[in-house]
Amino acid sequence: SYYNQLNEDFNLNALIGTNVRRSKIDQVYASTDGGLIVPNLYSLSNSANPMQNPEELFSEVGVNGIFASASLGFQNFLFLDATIRRDQSSTLPSDENAYFYPSISGSWLFSNNLNMDWLQLGKLRLGYAAVGNDAPWGSIKDTYAQNTTFNGTALFSLPSTKNNKNLKPEFSKSLEAGIELVTLSKRLGLDLSVYKINTVDQIMPVAVSYATGNGFQYFNAGEVENKGVEVQLFGTPVQKANFRWDISVNWSKNINEVISLKDSIKNLQIAALQGGLSINARVGEPYGTIQGTDYIYTNGQRTVGSNGYYLKTTTSDKILGNVNPDFNLGINNKFTYKNWSGSFLIDWQQGGSIFSLDMYYGLGTGLYEETVYTNDLGNPVRDPIADGGGLILDGVYEDGMPNTTRVEGGDYRVFGWSRNPNKAFVYDATYIKLREVVISYSIPQKVMAKSSWIHGATFSIVGSNLWIIQKDLPHADPEASQSSGNVQGWQSGVMPALRNVGFTVNLQF
(Lines give C-alpha, C1' and ligand atoms only; values in the text may rest on other atoms or scores of the structure.)
Protein backbone atom coordinates (compact mmCIF):
# COMPACT_ATOMS: atom_id res chain seq x y z
CA SER A 1 0.00 0.00 0.00
CA TYR A 2 1.03 3.61 -0.54
CA TYR A 3 -0.13 6.94 0.89
CA ASN A 4 1.14 10.40 0.04
CA GLN A 5 -0.11 13.84 0.93
CA LEU A 6 0.91 15.25 -2.44
CA ASN A 7 0.38 18.85 -1.34
CA GLU A 8 -2.04 20.79 0.85
CA ASP A 9 -4.89 20.05 -1.57
CA PHE A 10 -4.30 16.52 -2.89
CA ASN A 11 -3.73 13.15 -1.23
CA LEU A 12 -3.24 9.75 -2.83
CA ASN A 13 -3.91 6.24 -1.54
CA ALA A 14 -2.79 3.25 -3.62
CA LEU A 15 -2.78 -0.49 -3.15
CA ILE A 16 -1.60 -3.47 -5.15
CA GLY A 17 -2.07 -7.08 -4.15
CA THR A 18 -2.67 -10.65 -5.13
CA ASN A 19 -5.21 -13.28 -4.17
CA VAL A 20 -4.82 -17.04 -4.53
CA ARG A 21 -7.87 -19.21 -3.89
CA ARG A 22 -8.09 -23.00 -3.90
CA SER A 23 -11.32 -24.89 -3.25
CA LYS A 24 -11.39 -28.67 -3.04
CA ILE A 25 -14.13 -31.18 -2.34
CA ASP A 26 -13.14 -34.83 -1.94
CA GLN A 27 -16.09 -36.83 -0.70
CA VAL A 28 -17.09 -40.48 -0.41
CA TYR A 29 -20.72 -41.21 0.46
CA ALA A 30 -22.04 -44.60 1.50
CA SER A 31 -25.21 -45.76 3.22
CA THR A 32 -26.90 -48.86 4.53
CA ASP A 33 -29.83 -50.46 2.71
CA GLY A 34 -33.01 -51.72 4.35
CA GLY A 35 -32.17 -50.52 7.84
CA LEU A 36 -29.87 -51.99 10.48
CA ILE A 37 -29.43 -55.60 11.63
CA VAL A 38 -28.60 -54.56 15.18
CA PRO A 39 -30.58 -51.48 16.26
CA ASN A 40 -28.57 -48.35 17.11
CA LEU A 41 -25.32 -49.86 15.81
CA TYR A 42 -24.46 -47.33 13.16
CA SER A 43 -21.99 -49.14 10.93
CA LEU A 44 -22.03 -49.82 7.20
CA SER A 45 -21.31 -53.47 7.89
CA ASN A 46 -24.53 -53.58 9.95
CA SER A 47 -26.67 -53.03 6.82
CA ALA A 48 -29.73 -55.30 6.65
CA ASN A 49 -29.28 -55.72 2.89
CA PRO A 50 -26.03 -55.66 0.93
CA MET A 51 -24.61 -52.17 1.21
CA GLN A 52 -25.15 -49.87 -1.76
CA ASN A 53 -22.10 -48.90 -3.78
CA PRO A 54 -20.29 -45.84 -2.42
CA GLU A 55 -20.56 -42.58 -4.35
CA GLU A 56 -17.51 -40.40 -4.84
CA LEU A 57 -17.48 -36.66 -5.50
CA PHE A 58 -14.36 -34.71 -6.33
CA SER A 59 -13.97 -31.11 -7.44
CA GLU A 60 -11.08 -28.69 -7.33
CA VAL A 61 -11.16 -25.02 -8.31
CA GLY A 62 -8.25 -22.62 -8.52
CA VAL A 63 -8.44 -18.86 -9.05
CA ASN A 64 -5.35 -16.63 -9.18
CA GLY A 65 -6.00 -12.91 -8.94
CA ILE A 66 -4.03 -9.69 -8.95
CA PHE A 67 -5.57 -6.30 -8.21
CA ALA A 68 -4.75 -2.65 -7.80
CA SER A 69 -6.65 0.35 -6.48
CA ALA A 70 -6.04 4.06 -6.17
CA SER A 71 -7.91 6.87 -4.43
CA LEU A 72 -7.29 10.56 -5.09
CA GLY A 73 -8.75 13.19 -2.77
CA PHE A 74 -8.96 16.96 -3.20
CA GLN A 75 -9.46 19.23 -0.18
CA ASN A 76 -11.50 16.55 1.56
CA PHE A 77 -14.57 17.10 -0.62
CA LEU A 78 -13.75 15.67 -4.07
CA PHE A 79 -12.76 12.01 -4.38
CA LEU A 80 -11.87 9.76 -7.30
CA ASP A 81 -11.45 5.99 -6.84
CA ALA A 82 -10.38 3.39 -9.39
CA THR A 83 -9.69 -0.34 -9.26
CA ILE A 84 -8.66 -3.04 -11.69
CA ARG A 85 -8.49 -6.78 -11.19
CA ARG A 86 -7.34 -9.73 -13.26
CA ASP A 87 -8.49 -13.25 -12.41
CA GLN A 88 -7.45 -16.54 -13.96
CA SER A 89 -9.78 -19.47 -13.26
CA SER A 90 -9.39 -23.20 -13.73
CA THR A 91 -13.11 -23.64 -14.52
CA LEU A 92 -12.82 -21.90 -17.91
CA PRO A 93 -11.14 -23.05 -21.16
CA SER A 94 -7.40 -22.31 -21.22
CA ASP A 95 -7.74 -19.70 -23.97
CA GLU A 96 -10.55 -17.85 -22.12
CA ASN A 97 -9.60 -18.33 -18.48
CA ALA A 98 -8.12 -14.87 -17.77
CA TYR A 99 -10.33 -11.81 -17.53
CA PHE A 100 -9.99 -8.19 -16.40
CA TYR A 101 -12.64 -6.06 -14.72
CA PRO A 102 -12.24 -2.41 -13.73
CA SER A 103 -14.23 0.09 -11.69
CA ILE A 104 -14.19 3.86 -11.31
CA SER A 105 -16.21 6.12 -9.05
CA GLY A 106 -16.31 9.74 -8.02
CA SER A 107 -17.96 11.61 -5.19
CA TRP A 108 -18.50 15.22 -4.19
CA LEU A 109 -18.90 15.85 -0.47
CA PHE A 110 -20.51 19.25 -1.04
CA SER A 111 -21.38 19.71 2.64
CA ASN A 112 -17.63 20.15 3.24
CA ASN A 113 -17.10 23.03 0.83
CA LEU A 114 -20.47 24.82 0.60
CA ASN A 115 -21.68 27.06 3.39
CA MET A 116 -24.81 25.21 4.50
CA ASP A 117 -25.01 25.00 8.28
CA TRP A 118 -28.38 23.29 8.12
CA LEU A 119 -26.86 20.33 6.25
CA GLN A 120 -24.67 17.96 8.26
CA LEU A 121 -23.92 15.70 5.29
CA GLY A 122 -24.39 16.21 1.57
CA LYS A 123 -22.80 13.87 -0.93
CA LEU A 124 -23.20 13.12 -4.63
CA ARG A 125 -21.72 9.94 -6.07
CA LEU A 126 -21.37 8.34 -9.49
CA GLY A 127 -19.73 5.03 -10.29
CA TYR A 128 -19.15 2.38 -12.92
CA ALA A 129 -18.02 -1.17 -12.20
CA ALA A 130 -17.51 -4.40 -14.10
CA VAL A 131 -17.38 -7.74 -12.31
CA GLY A 132 -16.21 -10.94 -13.98
CA ASN A 133 -17.30 -14.44 -13.07
CA ASP A 134 -16.09 -17.88 -14.06
CA ALA A 135 -18.03 -21.04 -14.90
CA PRO A 136 -19.34 -23.70 -12.51
CA TRP A 137 -16.92 -26.53 -11.86
CA GLY A 138 -17.16 -29.35 -14.37
CA SER A 139 -19.01 -27.40 -17.08
CA ILE A 140 -16.33 -27.56 -19.82
CA LYS A 141 -15.30 -31.16 -20.51
CA ASP A 142 -17.79 -33.98 -20.92
CA THR A 143 -17.48 -36.92 -18.56
CA TYR A 144 -19.51 -40.03 -17.92
CA ALA A 145 -21.70 -40.41 -14.86
CA GLN A 146 -21.30 -43.65 -12.92
CA ASN A 147 -24.52 -45.46 -12.10
CA THR A 148 -25.35 -48.38 -9.81
CA THR A 149 -23.48 -51.53 -10.80
CA PHE A 150 -25.30 -54.46 -12.42
CA ASN A 151 -24.13 -57.96 -11.47
CA GLY A 152 -20.85 -56.46 -10.30
CA THR A 153 -20.28 -54.61 -13.57
CA ALA A 154 -19.75 -50.85 -13.45
CA LEU A 155 -22.26 -48.88 -15.53
CA PHE A 156 -21.72 -45.43 -16.98
CA SER A 157 -24.05 -43.03 -18.79
CA LEU A 158 -24.12 -39.54 -20.21
CA PRO A 159 -25.24 -36.88 -17.71
CA SER A 160 -28.42 -34.94 -18.43
CA THR A 161 -26.46 -31.69 -18.94
CA LYS A 162 -23.84 -31.46 -21.68
CA ASN A 163 -20.79 -29.30 -21.04
CA ASN A 164 -19.29 -26.70 -23.38
CA LYS A 165 -15.58 -26.33 -24.13
CA ASN A 166 -16.18 -22.87 -25.66
CA LEU A 167 -17.45 -21.08 -22.57
CA LYS A 168 -16.10 -17.64 -21.77
CA PRO A 169 -16.37 -15.47 -18.64
CA GLU A 170 -19.62 -13.73 -17.80
CA PHE A 171 -19.62 -10.07 -16.82
CA SER A 172 -21.90 -7.73 -14.91
CA LYS A 173 -21.50 -4.07 -15.84
CA SER A 174 -23.16 -1.58 -13.52
CA LEU A 175 -23.68 2.17 -13.49
CA GLU A 176 -24.93 3.87 -10.32
CA ALA A 177 -25.64 7.43 -9.22
CA GLY A 178 -26.78 8.57 -5.81
CA ILE A 179 -27.15 11.31 -3.24
CA GLU A 180 -26.88 11.28 0.56
CA LEU A 181 -28.36 14.00 2.77
CA VAL A 182 -28.41 14.40 6.56
CA THR A 183 -30.02 17.45 8.19
CA LEU A 184 -31.93 18.72 11.25
CA SER A 185 -28.98 18.02 13.57
CA LYS A 186 -28.73 14.48 12.15
CA ARG A 187 -32.38 13.74 12.91
CA LEU A 188 -33.39 13.32 9.26
CA GLY A 189 -31.51 11.60 6.48
CA LEU A 190 -31.94 10.38 2.91
CA ASP A 191 -29.95 7.98 0.75
CA LEU A 192 -31.17 7.72 -2.85
CA SER A 193 -29.57 5.72 -5.64
CA VAL A 194 -30.48 4.76 -9.19
CA TYR A 195 -28.70 1.99 -11.05
CA LYS A 196 -28.47 -0.04 -14.24
CA ILE A 197 -26.82 -3.46 -14.32
CA ASN A 198 -26.26 -5.47 -17.49
CA THR A 199 -25.18 -9.09 -17.16
CA VAL A 200 -23.67 -10.31 -20.44
CA ASP A 201 -22.59 -13.79 -21.55
CA GLN A 202 -24.41 -15.27 -18.58
CA ILE A 203 -23.36 -18.90 -18.06
CA MET A 204 -26.29 -21.23 -17.55
CA PRO A 205 -27.68 -24.60 -18.69
CA VAL A 206 -30.01 -24.16 -21.66
CA ALA A 207 -32.70 -26.70 -22.62
CA VAL A 208 -31.84 -28.61 -25.82
CA SER A 209 -33.59 -31.32 -27.79
CA TYR A 210 -33.43 -34.73 -26.15
CA ALA A 211 -32.49 -36.07 -29.58
CA THR A 212 -28.98 -34.80 -28.78
CA GLY A 213 -28.75 -37.26 -25.90
CA ASN A 214 -28.97 -34.50 -23.30
CA GLY A 215 -31.68 -32.34 -21.83
CA PHE A 216 -29.52 -29.26 -21.24
CA GLN A 217 -26.20 -27.77 -22.30
CA TYR A 218 -24.10 -24.99 -20.80
CA PHE A 219 -23.96 -21.82 -22.90
CA ASN A 220 -23.11 -18.15 -22.61
CA ALA A 221 -26.80 -17.49 -22.87
CA GLY A 222 -27.25 -13.76 -23.50
CA GLU A 223 -27.79 -10.41 -21.80
CA VAL A 224 -30.11 -9.47 -18.93
CA GLU A 225 -30.67 -5.88 -17.78
CA ASN A 226 -31.73 -4.73 -14.32
CA LYS A 227 -32.45 -1.10 -13.59
CA GLY A 228 -34.08 0.47 -10.62
CA VAL A 229 -34.09 2.79 -7.67
CA GLU A 230 -33.36 2.34 -3.97
CA VAL A 231 -34.43 4.84 -1.30
CA GLN A 232 -33.58 4.87 2.38
CA LEU A 233 -35.21 7.48 4.61
CA PHE A 234 -34.26 7.59 8.27
CA GLY A 235 -35.01 9.94 11.11
CA THR A 236 -35.68 10.58 14.77
CA PRO A 237 -39.22 12.01 15.13
CA VAL A 238 -39.00 12.18 18.95
CA GLN A 239 -35.88 12.83 21.02
CA LYS A 240 -36.25 13.60 24.73
CA ALA A 241 -33.99 13.27 27.73
CA ASN A 242 -35.07 9.69 28.49
CA PHE A 243 -37.00 8.71 25.35
CA ARG A 244 -36.07 8.37 21.68
CA TRP A 245 -37.95 7.10 18.62
CA ASP A 246 -35.93 6.17 15.53
CA ILE A 247 -37.46 5.07 12.24
CA SER A 248 -35.95 3.93 8.96
CA VAL A 249 -37.76 3.15 5.71
CA ASN A 250 -36.19 1.24 2.82
CA TRP A 251 -37.95 1.10 -0.55
CA SER A 252 -36.64 -0.47 -3.74
CA LYS A 253 -37.96 -1.15 -7.22
CA ASN A 254 -36.20 -3.22 -9.87
CA ILE A 255 -37.19 -3.50 -13.53
CA ASN A 256 -35.81 -6.59 -15.19
CA GLU A 257 -35.63 -7.37 -18.92
CA VAL A 258 -34.04 -10.03 -21.09
CA ILE A 259 -32.23 -8.05 -23.81
CA SER A 260 -30.89 -10.88 -25.97
CA LEU A 261 -30.31 -14.62 -25.97
CA LYS A 262 -27.85 -16.95 -27.66
CA ASP A 263 -28.03 -17.22 -31.46
CA SER A 264 -31.07 -14.89 -31.71
CA ILE A 265 -33.21 -17.30 -29.68
CA LYS A 266 -36.40 -15.57 -28.53
CA ASN A 267 -37.23 -17.80 -25.57
CA LEU A 268 -35.04 -19.86 -23.28
CA GLN A 269 -36.68 -22.37 -20.97
CA ILE A 270 -35.05 -22.18 -17.55
CA ALA A 271 -37.13 -24.98 -16.04
CA ALA A 272 -39.90 -27.32 -17.18
CA LEU A 273 -42.14 -28.06 -14.21
CA GLN A 274 -44.94 -30.40 -13.30
CA GLY A 275 -48.33 -29.55 -14.71
CA GLY A 276 -46.97 -28.31 -18.04
CA LEU A 277 -45.70 -25.07 -16.51
CA SER A 278 -42.32 -23.53 -17.38
CA ILE A 279 -40.09 -20.71 -16.12
CA ASN A 280 -38.50 -18.79 -18.98
CA ALA A 281 -36.13 -16.09 -20.12
CA ARG A 282 -38.02 -14.43 -22.97
CA VAL A 283 -36.57 -11.57 -25.02
CA GLY A 284 -38.35 -8.32 -24.20
CA GLU A 285 -39.87 -9.77 -21.03
CA PRO A 286 -38.65 -9.97 -17.42
CA TYR A 287 -36.28 -12.80 -16.56
CA GLY A 288 -38.41 -15.46 -14.87
CA THR A 289 -41.55 -15.35 -17.01
CA ILE A 290 -44.11 -18.00 -16.03
CA GLN A 291 -45.67 -19.71 -19.05
CA GLY A 292 -48.42 -22.30 -19.27
CA THR A 293 -52.04 -22.78 -20.30
CA ASP A 294 -54.55 -19.96 -19.84
CA TYR A 295 -58.29 -19.51 -19.96
CA ILE A 296 -59.96 -18.70 -23.25
CA TYR A 297 -61.62 -15.31 -22.92
CA THR A 298 -64.71 -13.78 -24.51
CA ASN A 299 -64.95 -10.00 -24.13
CA GLY A 300 -62.45 -10.23 -21.28
CA GLN A 301 -64.40 -12.88 -19.37
CA ARG A 302 -63.51 -16.53 -18.89
CA THR A 303 -65.28 -18.76 -21.40
CA VAL A 304 -67.10 -22.01 -20.62
CA GLY A 305 -68.18 -24.74 -23.00
CA SER A 306 -71.66 -26.16 -23.35
CA ASN A 307 -70.86 -28.56 -20.47
CA GLY A 308 -70.28 -25.63 -18.09
CA TYR A 309 -66.53 -26.20 -17.64
CA TYR A 310 -63.88 -23.65 -18.50
CA LEU A 311 -62.21 -23.74 -21.90
CA LYS A 312 -58.42 -23.47 -21.93
CA THR A 313 -55.70 -22.94 -24.48
CA THR A 314 -54.23 -25.97 -26.21
CA THR A 315 -50.64 -24.69 -25.94
CA SER A 316 -48.53 -23.95 -22.86
CA ASP A 317 -46.81 -20.80 -24.13
CA LYS A 318 -49.12 -18.18 -22.64
CA ILE A 319 -47.52 -15.65 -20.28
CA LEU A 320 -49.17 -16.07 -16.88
CA GLY A 321 -46.96 -13.72 -14.87
CA ASN A 322 -43.38 -13.27 -13.78
CA VAL A 323 -41.51 -13.90 -10.57
CA ASN A 324 -40.25 -10.34 -10.04
CA PRO A 325 -41.98 -8.16 -7.41
CA ASP A 326 -43.18 -4.65 -8.20
CA PHE A 327 -41.37 -3.26 -5.16
CA ASN A 328 -40.03 -4.12 -1.71
CA LEU A 329 -40.51 -2.02 1.41
CA GLY A 330 -39.07 -2.35 4.89
CA ILE A 331 -40.03 -0.22 7.90
CA ASN A 332 -38.08 -0.45 11.14
CA ASN A 333 -39.10 1.37 14.32
CA LYS A 334 -36.98 1.52 17.45
CA PHE A 335 -38.07 3.01 20.78
CA THR A 336 -35.58 3.68 23.58
CA TYR A 337 -36.55 4.58 27.15
CA LYS A 338 -33.69 4.89 29.60
CA ASN A 339 -32.04 1.45 29.58
CA TRP A 340 -34.87 -0.27 27.74
CA SER A 341 -35.32 -0.50 24.00
CA GLY A 342 -37.80 -2.17 21.69
CA SER A 343 -37.93 -2.43 17.92
CA PHE A 344 -40.05 -4.07 15.25
CA LEU A 345 -39.47 -4.57 11.52
CA ILE A 346 -42.21 -4.77 8.88
CA ASP A 347 -41.37 -6.28 5.47
CA TRP A 348 -43.62 -5.77 2.45
CA GLN A 349 -43.19 -7.38 -0.96
CA GLN A 350 -45.68 -6.17 -3.53
CA GLY A 351 -46.41 -8.19 -6.64
CA GLY A 352 -44.68 -11.00 -8.43
CA SER A 353 -46.36 -14.27 -9.38
CA ILE A 354 -46.16 -17.77 -7.95
CA PHE A 355 -47.63 -21.08 -9.17
CA SER A 356 -48.92 -23.42 -6.47
CA LEU A 357 -48.67 -27.12 -7.25
CA ASP A 358 -50.22 -27.71 -3.82
CA MET A 359 -53.40 -25.95 -4.93
CA TYR A 360 -53.20 -27.65 -8.35
CA TYR A 361 -53.58 -31.06 -6.69
CA GLY A 362 -55.14 -30.06 -3.36
CA LEU A 363 -58.24 -28.51 -4.93
CA GLY A 364 -58.65 -31.46 -7.29
CA THR A 365 -58.52 -33.99 -4.46
CA GLY A 366 -60.81 -31.95 -2.22
CA LEU A 367 -58.27 -31.56 0.58
CA TYR A 368 -58.69 -27.81 0.94
CA GLU A 369 -61.52 -25.89 2.52
CA GLU A 370 -62.11 -23.97 -0.72
CA THR A 371 -63.88 -27.08 -2.08
CA VAL A 372 -66.40 -27.17 0.79
CA TYR A 373 -69.00 -24.39 1.03
CA THR A 374 -72.68 -23.59 0.65
CA ASN A 375 -73.67 -22.89 -2.96
CA ASP A 376 -76.02 -20.27 -4.38
CA LEU A 377 -79.03 -22.50 -3.60
CA GLY A 378 -78.10 -22.76 0.07
CA ASN A 379 -76.98 -26.39 -0.18
CA PRO A 380 -73.58 -28.11 0.22
CA VAL A 381 -71.72 -27.67 -3.04
CA ARG A 382 -70.60 -31.32 -2.97
CA ASP A 383 -74.17 -32.62 -2.96
CA PRO A 384 -75.41 -34.04 -6.29
CA ILE A 385 -77.04 -31.57 -8.65
CA ALA A 386 -80.27 -33.53 -8.32
CA ASP A 387 -80.27 -32.68 -4.59
CA GLY A 388 -79.55 -28.98 -5.13
CA GLY A 389 -75.76 -29.22 -5.00
CA GLY A 390 -73.15 -28.30 -7.59
CA LEU A 391 -72.12 -24.86 -8.78
CA ILE A 392 -72.20 -22.52 -11.76
CA LEU A 393 -68.73 -21.36 -12.77
CA ASP A 394 -68.28 -17.62 -13.22
CA GLY A 395 -67.98 -17.00 -16.95
CA VAL A 396 -69.76 -16.73 -20.28
CA TYR A 397 -70.49 -19.00 -23.20
CA GLU A 398 -68.66 -18.49 -26.49
CA ASP A 399 -71.54 -16.29 -27.70
CA GLY A 400 -71.02 -13.96 -24.72
CA MET A 401 -74.13 -15.01 -22.81
CA PRO A 402 -73.74 -15.65 -19.05
CA ASN A 403 -73.07 -19.23 -17.99
CA THR A 404 -76.12 -21.03 -16.58
CA THR A 405 -74.92 -24.65 -16.68
CA ARG A 406 -74.49 -26.25 -13.28
CA VAL A 407 -71.62 -28.71 -12.77
CA GLU A 408 -71.01 -31.29 -10.06
CA GLY A 409 -69.16 -29.89 -7.03
CA GLY A 410 -68.03 -33.32 -5.86
CA ASP A 411 -66.11 -34.00 -9.07
CA TYR A 412 -62.32 -33.62 -8.91
CA ARG A 413 -62.34 -31.92 -12.30
CA VAL A 414 -64.20 -28.77 -11.31
CA PHE A 415 -61.66 -27.30 -8.87
CA GLY A 416 -58.35 -28.94 -9.69
CA TRP A 417 -55.94 -29.68 -12.48
CA SER A 418 -58.10 -31.70 -14.87
CA ARG A 419 -60.45 -29.04 -16.23
CA ASN A 420 -58.58 -25.87 -15.31
CA PRO A 421 -55.60 -24.16 -16.95
CA ASN A 422 -52.32 -23.37 -15.18
CA LYS A 423 -53.56 -19.78 -14.84
CA ALA A 424 -56.06 -20.93 -12.20
CA PHE A 425 -53.20 -21.76 -9.83
CA VAL A 426 -51.01 -18.68 -10.33
CA TYR A 427 -51.23 -16.34 -7.34
CA ASP A 428 -49.99 -12.91 -6.36
CA ALA A 429 -46.76 -13.31 -4.37
CA THR A 430 -47.45 -10.19 -2.27
CA TYR A 431 -46.86 -10.49 1.45
CA ILE A 432 -46.62 -8.20 4.48
CA LYS A 433 -44.77 -9.64 7.46
CA LEU A 434 -43.86 -8.75 10.99
CA ARG A 435 -40.28 -9.78 10.37
CA GLU A 436 -38.67 -9.13 13.73
CA VAL A 437 -39.37 -7.86 17.24
CA VAL A 438 -36.56 -7.15 19.72
CA ILE A 439 -36.86 -6.12 23.38
CA SER A 440 -33.59 -5.26 25.14
CA TYR A 441 -32.37 -4.12 28.52
CA SER A 442 -28.88 -2.70 29.12
CA ILE A 443 -27.31 -2.73 32.58
CA PRO A 444 -26.76 0.91 33.66
CA GLN A 445 -23.21 2.18 33.33
CA LYS A 446 -23.03 3.13 36.99
CA VAL A 447 -23.54 -0.54 37.82
CA MET A 448 -21.06 -1.75 35.20
CA ALA A 449 -18.46 0.70 36.52
CA LYS A 450 -18.06 -1.58 39.52
CA SER A 451 -16.71 -4.31 37.26
CA SER A 452 -13.09 -4.16 36.12
CA TRP A 453 -13.46 -6.56 33.18
CA ILE A 454 -17.05 -6.25 31.88
CA HIS A 455 -17.83 -2.78 30.57
CA GLY A 456 -21.32 -3.37 29.21
CA ALA A 457 -24.11 -5.96 29.23
CA THR A 458 -27.31 -6.10 27.20
CA PHE A 459 -30.00 -8.78 27.45
CA SER A 460 -32.44 -9.21 24.56
CA ILE A 461 -35.48 -11.25 23.59
CA VAL A 462 -35.58 -11.63 19.81
CA GLY A 463 -38.45 -12.94 17.71
CA SER A 464 -38.38 -13.40 13.93
CA ASN A 465 -40.96 -14.42 11.31
CA LEU A 466 -43.66 -13.83 13.90
CA TRP A 467 -46.70 -12.97 11.79
CA ILE A 468 -47.77 -12.95 8.14
CA ILE A 469 -50.05 -9.93 8.20
CA GLN A 470 -51.25 -10.22 4.62
CA LYS A 471 -50.77 -12.64 1.70
CA ASP A 472 -52.63 -13.97 -1.34
CA LEU A 473 -51.12 -17.46 -1.69
CA PRO A 474 -53.35 -19.94 0.21
CA HIS A 475 -51.98 -22.40 2.78
CA ALA A 476 -48.31 -21.47 2.28
CA ASP A 477 -45.76 -18.74 2.87
CA PRO A 478 -44.90 -17.03 -0.45
CA GLU A 479 -41.38 -16.28 0.75
CA ALA A 480 -40.71 -19.84 1.92
CA SER A 481 -41.59 -20.97 -1.59
CA GLN A 482 -38.73 -18.97 -3.11
CA SER A 483 -35.18 -20.18 -3.61
CA SER A 484 -31.88 -18.53 -4.42
CA GLY A 485 -31.51 -20.26 -7.79
CA ASN A 486 -33.03 -19.70 -11.22
CA VAL A 487 -36.27 -21.56 -10.45
CA GLN A 488 -38.47 -18.98 -8.74
CA GLY A 489 -42.25 -18.59 -8.73
CA TRP A 490 -42.93 -22.27 -7.98
CA GLN A 491 -44.48 -23.64 -4.78
CA SER A 492 -44.68 -27.36 -4.09
CA GLY A 493 -44.77 -29.06 -0.72
CA VAL A 494 -42.60 -26.47 0.99
CA MET A 495 -42.08 -26.93 4.72
CA PRO A 496 -43.73 -24.20 6.81
CA ALA A 497 -41.54 -21.24 7.70
CA LEU A 498 -40.25 -21.30 11.26
CA ARG A 499 -41.26 -18.76 13.88
CA ASN A 500 -38.18 -18.16 16.01
CA VAL A 501 -37.94 -16.75 19.53
CA GLY A 502 -34.58 -16.49 21.25
CA PHE A 503 -32.64 -14.86 24.04
CA THR A 504 -29.28 -13.15 23.58
CA VAL A 505 -26.67 -11.74 25.93
CA ASN A 506 -24.17 -9.16 24.65
CA LEU A 507 -21.16 -8.53 26.86
CA GLN A 508 -18.54 -5.86 26.26
CA PHE A 509 -15.07 -6.40 27.70
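The values are calculated or read from the model by the stated rules, or taken from the named source; none is laboratory data. Quick caveat: nothing in here was measured; it's all calculated off a predicted structure. Methodologically, a virtual Cβ is constructed for each residue, glycine included, from the backbone with ideal geometry; neighbour enumeration extends over all protein chains shown.
Just a few scattered comments:
- Helices (runs of 4 or more DSSP H) enclosed by the stretch 342-461 - at least 1 residues per element that are more than 23 Å from the chain's Cα centre (by Cα) and of a type in the set (Phe, Trp, Tyr): 357-362, 412-415
- Filter result for Phe327 (farther than 21 Å from Ser278 by Cα, surrounded by fewer than 16 Cβ atoms within 10 Å (Cβ to Cβ) and out of contact with any helix residue (DSSP H, G or I) (no Cβ under 9 Å at 6 or more places or on another chain)): yes
- Screening the stretch 109-133 for residues that are assigned to a loop (DSSP other than H, G, I, E, B) and modelled with pLDDT under 95 and picking the one that is surrounded by the most Cβ atoms within 10 Å (Cβ to Cβ) gives Asn113.
Each row is one residue, and each column tells you yes or no for (1) surrounded by fewer than 13 Cβ atoms within 10 Å (Cβ to Cβ); (2) touching a residue at least 40 places away in the same chain (Cβ under 8 Å).
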position	(1), (2)
Ile37	no, no
Ala48	yes, no
Gln52	no, yes
Val63	no, yes
Leu72	no, yes
Gln88	no, no
Ser103	no, no
Gly106	no, no
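- Residue satisfying all of: in the stretch 405-420; charged (D, E, K, R) and within 26 Å of Leu277 (Cα to Cα); modelled with the lowest pLDDT among these: Arg413
- Count - residues of the stretch 2-51 that are at positive phi and of a type in the set (S, T, N, Q): 1
- Consider the stretch 150-171 and keep the residues that are of a type in the set (A, V, I, L, M) and more than 27 Å from the chain's Cα centre (by Cα). The one that is farthest from Lys196 (Cα to Cα) is Ala154.
- No other residue among Asp95, Asp142, Asp81 is among the acidic types (Asp, Glu) and touching a strand residue (DSSP E or B) at 6+ places or on another chain (Cβ under 6 Å) apart from Asp81.
- Of the strands (runs of 3 or more DSSP E) lying entirely inside the stretch 230-306, those containing at least 3 residues that are out of contact with any Lys or Arg (no Cβ under 8 Å at 6 or more places or on another chain) and touching a residue at least 24 places away in the same chain (Cβ under 8 Å) span 243-261, 267-273, 277-282.
- Any pair with Cβ under 7 angstrom, 6 or more apart, that starts in the stretch 17-34 at a residue that is among the β-branched types (Val, Ile, Thr) and ends at one that is in a strand (DSSP E or B): Thr18/Gly65; Thr18/Ile66; Val20/Asn64; Ile25/Leu57; Ile25/Phe58; Ile25/Ser59; Val28/Glu56; Thr32/Ser47
- Some residue of the stretch 361-371 being under 22 Å from Ile319 (Cα atoms) and crowded, with 17+ Cβ neighbours inside 10 Å: yes
- Among the residues making up the stretch 37-68, those that are hydrophobic (A, V, I, L, M, F, W, C), modelled with pLDDT under 95 and not in a loop (DSSP other than H, G, I, E, B) are Leu44, Leu57, Phe58.
- Test: residue in the stretch 235-243 that is over 30 Å from Thr336 (Cα atoms) and touching an Asp or Glu at 6+ places or on another chain (Cβ under 9 Å): no
- Of residues in the stretch 234-246 being surrounded by 16 or more Cβ atoms within 10 Å (Cβ to Cβ) and out of contact with any Ser or Thr (no Cβ under 7 Å at 6 or more places or on another chain), the one nearest to Asn166 (Cα to Cα): Gly235
- Here the condition is being among the hydrophobic types (A, V, I, L, M, F, W, C), at pLDDT 95 or above and closer than 21 Å to Trp348 by Cα; of Phe243, Phe234, it holds for Phe234 alone.
- Test: residue in the stretch 76-84 that is surrounded by 16 or more Cβ atoms within 10 Å (Cβ to Cβ), among the charged types (D, E, K, R) and part of a strand (DSSP E or B): yes
- Among the conditions (1) farther than 30 Å from Glu96 by Cβ; (2) in contact with an Asp or Glu (Cβ under 8 Å, 6 or more places away or on another chain); (3) modelled with pLDDT of 90 or more, Arg22 misses just one, which is (1).
- Candidates in the stretch 210-221 are the residues that are under 18 Å from Ala281 (Cβ atoms) and without any contact (Cβ under 8 Å) to a residue 60 or more places away in the chain; of these, the one that is surrounded by the most Cβ atoms within 10 Å (Cβ to Cβ) is Phe219.
Table: residues versus (1) among the hydroxyl-bearing types (Ser, Thr, Tyr); (2) surrounded by 12 or more Cβ atoms within 10 Å (Cβ to Cβ); (3) touching a helix residue (DSSP H, G or I) at 6+ places or on another chain (Cβ under 8 Å).
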site: Thr458; (1), (2), (3): yes, yes, no
site: Val462; (1), (2), (3): no, yes, no
site: Ile468; (1), (2), (3): no, yes, no
site: Trp490; (1), (2), (3): no, yes, yes
site: Ala497; (1), (2), (3): no, yes, no
site: Asn500; (1), (2), (3): no, no, no
site: Asn506; (1), (2), (3): no, no, no
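- Sub-7 Å Cβ pairs linking a first residue in the stretch 144-168 that is closer than 29 Å to Val131 by Cβ and of a type outside the set (Ser, Thr, Tyr) to a second residue that is loosely packed, with under 10 Cβ neighbours inside 10 Å and modelled with pLDDT of 90 or more, at least 6 apart or interchain, are Asn163/Lys141; Lys165/Lys141, ordered by first then second residue.
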